[in-house]
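Data first, discussion second: the structure below is written as structure tokens.
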């Protein structure tokens with residue numbers, strides 16, 4: 001049948017063109033992403049903003065179910081846990097008392113010295129809605145966005161320690177790149193030693209401490225806090241404790257509870273005044289540029 | 001008519017399963033980096049489907065779902081979708097042969113194509129000055145995905161009755177049964 005054959009052939013041609021066009025379009029998208037990454041990333045954030053909150057109805061039952069199971073497992077050891085918690089509470093009461101006394105002395109000494117503290121940090125509490133879902137990057141999605149005053153680069157903490165930084169903000173969602181992500185690099189200070197270093201994520205649970213001046217003087221157990229260098233993070237947020245990894249490198253045991261990340265705080269740093277240019281006493285002032 | 005209905009039902013089920021499989025890893029159950037990597041179930045689903053029912057997972061649907069996956073799973077947009085589309089097109093063209101040769105041969109084809117995809121992806125990332133992915137983790141990822149492949153096939157075969165059609169009864173490209 002010549003006619004049949006003819007339609008079949010044209011069908012094949014249409015198919016081939018579609019395949020070619022799809023492949024070309026996808027390739028083009030990838031190339032555009034490499035050239036103009038921010039625009040595509042904004043587009044991605046818009047897509048996530050549109051789709052992911054709608055998925056929450058689907059996620060809710062599964063999340064609830066797994067949490068029930070893990071809760072049930074913990075019932076098994078409820079008695080021993082209870083005992084442990086009581087003992088811990090006793091110890092903590094002691095510490096609480098000590099802390100109160102210290103706070104009072106601290107306040108008295110501060111008053112004596114006339115210290116002016118840095119402005120306090122406001123925060124927005126957010127719920128973690130989704131995981132990154134990919135084994136190659138570590139991030140979570142929060143249910144707050146531009147409408148809640150979230151800006152790229154803000155720090156997020158859980159109750160105890162630093163979790164990550166905001167990278168990608170939609171209208172009602174925002175993405176937090178966790179400290180464990182390979183692209184995460186945070187300037188820190190090691191206390192009480194005082195050395196500065198960078199904490200680099202490497203897709204493992206314990207990020208690496210890099211760029212130490214004298215690694216020998218840093219011992220496991222020292223506390224690590226953010227240094228605030230580069231204006232990326234506010235200073236003095238707890239990151240974790242120094243530990244030595246099985247590969248012999250210095251790593252950090254994170255203070256934030258990454259296993260059960262449910263609520264986080266996004267810190268809104270009060271805009272500190274930046275010192276612009278040299279003082280007028282030293283040398284001539286640079287000529288004013290027109291606004 | 002019946003045939004057409006069946007194909008569209010299959011496409012619908014494929015799309016629904018695809019979205020489910022893509023969003024499953026998004027569940028915020030554990031935010032710490034897992035010790036065992038999660039497999040690419042969407043890859044398993046798509047390839048298994050294309051080998052059994054090429055009409056049930058049409059090109060544009062595969063491309064759209066893969067692109068959605070790229071967007072929400074924070075992969076370089078377009079790259080993995082592009083590779084998946086090319087691989088599924090090649091497999092689609094040879095699906096009858098692959099079906100005839102049995103499951104072991106099929107697993108070999110899948111392993112080979114996944115390996116090629118990973119290599120090309122890393123080369124593309126390297127050439128365009130993006131960060132390539134770490135190789136030990138990729139190897140683990142390939143292994144786990146390959147372990148999940150037969151399971152996916154099993155579920156498709158017995159759970160959803162997505163089975164390869166007998167070649168003699170296979171309709172031609174116009175949907176006519178010979």
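Listed values, structure above:
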{"read-out": "Qualifying residue in region B:117-124 (condition: more than 17 Å from the chain's Cα centre (by Cα) and at positive phi)", "value": "no"}
{"read-out": "Residue tally, condition surrounded by 23 or more Cβ atoms within 10 Å (Cβ to Cβ) and over 19 Å from residue A:36 (Cα atoms), over region B:70-80", "value": "0"}
{"read-out": "Count of residues meeting criterion [within 16 Å of residue A:141 (Cβ to Cβ) and within 14 Å of chain B (Cβ to nearest Cβ)] in region A:154-183", "value": "15"}
{"read-out": "Options B:45, B:60, B:67; residue that is surrounded by 17 or more Cβ atoms within 10 Å (Cβ to Cβ), assigned to a helix (DSSP H, G or I) and within 11 Å of chain A (Cβ to nearest Cβ)", "value": "B:67"}
{"read-out": "Selection within region A:216-232 - surrounded by 13 or more Cβ atoms within 10 Å (Cβ to Cβ) and part of a helix (DSSP H, G or I)", "value": "A:229"}
{"read-out": "Test set (1) in contact (Cβ under 8 Å) with a residue 60 or more places away in the chain; (2) within 14 Å of another protein chain (Cβ to nearest Cβ); (3) more than 15 Å from residue A:178 (Cβ to Cβ) - residue A:257 fails condition number", "value": "(3)"}
{"read-out": "Single condition residue B:74 does not satisfy, out of (1) in contact (Cβ under 8 Å) with a residue 60 or more places away in the chain; (2) at the interface with another protein chain (Cβ under 9 Å from one of its Cβ atoms)", "value": "(1)"}
{"read-out": "Residue among A:110, A:146 that alone is more than 14 Å from every other protein chain (Cβ to nearest Cβ), within 26 Å of residue A:52 (Cβ to Cβ) and free of Cβ contacts under 8 Å to residues at least 40 places away in the same chain", "value": "A:146"}
{"read-out": "Answer from B:128, B:97 - the residue that is away from chain A (no Cβ under 14 Å) and at pLDDT below 90", "value": "B:97"}
{"read-out": "Filter result for residue A:79 (modelled with pLDDT of 80 or more and part of a helix (DSSP H, G or I))", "value": "yes"}
{"read-out": "Conditions (1) exposed (fewer than 13 other Cβ atoms within 10 Å of the Cβ); (2) within 14 Å of another protein chain (Cβ to nearest Cβ); (3) modelled with pLDDT of 90 or more; number of the one not met by residue B:173", "value": "(3)"}
{"read-out": "Test: residue in region A:45-65 that is more than 30 Å from residue A:150 (Cα to Cα) and either modelled with pLDDT of 85 or more or within 11 Å of another protein chain (Cβ to nearest Cβ) (or both)", "value": "yes"}
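Let's see how each residue does on (1) part of a loop (DSSP other than H, G, I, E, B); (2) surrounded by fewer than 20 Cβ atoms within 10 Å (Cβ to Cβ):
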| residue | (1), (2) |
| --- | --- |
| A:135 | yes, no |
| A:181 | yes, no |
| A:197 | no, no |
| A:203 | yes, yes |
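The values are calculated or read from the model by the stated rules, or taken from the named source; none is laboratory data. Computed from a prediction, not measured in an experiment: that's the story for all the values here. Backbone-built Cβ (ideal geometry, glycine too); neighbour counts: all protein chains shown.
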